Amino acid sequence: MLKFMDFHQNTPKPPDDRANPQINPQANSQINHQDYHHSVKRIADRLAKIIERDTLVAQSITRLRNYLQVDRVVLYYFYSQWRGQVTLESLSTEEFSILGSTGADDCFNAEYAELYLAGRVRAMANIEVEPLHPCHQEFLRGMQVKANLVVPVLTNKGLWGLLVAHHCRSTHFWTKDEIILMQEIAKTLAEAPSICQS
């Protein structure tokens, strides 16, 4: 908030006249000018945070994909309670893109959400032999997933998103080191100011 010092404090002025734009049109112009600059600054600050957040996530998922040597690593961001979409991805080839995918909302319900809120990590080396709900299995098949690793991104506000690694060309056994790295990166993202304050 901007504050101005009034150098004419001892001069009697009718306060209502200054505040009323019909009596003092210049006051309206000053208020609009201040509001405009305040709005522009708010928008610029918000955009800077979004760019900072997206850059951090993009670098993190690229690093993960390179380390894991998998076909796809994505961030599934929750924009409302248990509703989300893939907002960023790193791919071995464009054919594996699922950017914008909203997921199987019928499969991801409060029960799954509670598990991820509790810090659940789900590592599936082969989705065809995992005890999955048919809806979930069909959803993964539709995205060409053969192996799946999911780690929650938990902020102080709750479940912010899911960090997901997919291998699409073959099954993949997830090592302890791979799972730990995913967890560490999820924690780094969760603690980043551009994410935990969003």
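The values are calculated or read from the model by the stated rules, or taken from the named source; none is laboratory data. A quick note: this is a predicted structure, and the numbers were derived from the prediction, not measured. Here the Cβ positions follow ideal geometry from the backbone for every residue, glycine too, while neighbour counts run over all protein chains shown. To get the accessible areas, we keep the full protein, side chains included, count just its heavy atoms, and leave off ligands, DNA and RNA. Shrake-Rupley method; radii C 1.70, N 1.55, O 1.52, S 1.80 Å.
Quick rundown of the values:
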quantity	calculated
Single match in Ser194, Ser198 (criterion: of a type outside the set (Lys, Arg), in a loop (DSSP other than H, G, I, E, B), within 22 Å of the chain's Cα centre (by Cα) and at pLDDT below 95)	Ser198
Residue check, Gly158 out of contact with any strand residue (DSSP E or B) (no Cβ under 8 Å at 6 or more places or on another chain) and open to solvent by less than 20 Å² (accessible area, probe 1.4 Å)	yes
Among (1) in contact (Cβ under 8 Å) with a residue 40 or more places away in the chain; (2) open to solvent by less than 50 Å² (accessible area, probe 1.4 Å); (3) within 17 Å of Tyr79 (Cβ to Cβ), the one test that Gly100 misses	(1)
Some residue of segment 36-51 being of a type in the set (Ser, Thr, Tyr), closer than 29 Å to Phe96 by Cβ and assigned to a helix (DSSP H, G or I)	no
Every pair of residues 6+ apart whose Cβ atoms lie under 9 Å, when the first sits in segment 121-136 and is at negative phi while the second is open to solvent by 90 Å² or more (accessible area, probe 1.4 Å) and part of a strand (DSSP E or B)	none
Number of positions in segment 120-155 that are part of a strand (DSSP E or B), open to solvent by less than 50 Å² (accessible area, probe 1.4 Å) and of a type in the set (A, V, I, L, M, F, W, C)	7
Among residues of segment 33-86, those that are surrounded by fewer than 13 Cβ atoms within 10 Å (Cβ to Cβ) and at pLDDT below 90, counted	22
Condition broken by Pro193, with the remaining ones in (1) in contact with an Asp or Glu (Cβ under 6 Å, 6 or more places away or on another chain); (2) exposed (fewer than 15 other Cβ atoms within 10 Å of the Cβ); (3) not charged (D, E, K, R) satisfied	(1)
Residues of segment 161-180 classified as surrounded by 19 or more Cβ atoms within 10 Å (Cβ to Cβ) and β-branched (Val, Ile, Thr), total	1
Test: Tyr112 is hydroxyl-bearing (Ser, Thr, Tyr), modelled with pLDDT of 75 or more, within 30 Å of Asp177 (Cβ to Cβ) and open to solvent by 70 Å² or more (accessible area, probe 1.4 Å)	no
Hey, His172 touching a residue at least 60 places away in the same chain (Cβ under 8 Å), outside any helix (DSSP H, G or I) and over 19 Å from Tyr116 (Cα atoms) or not	yes
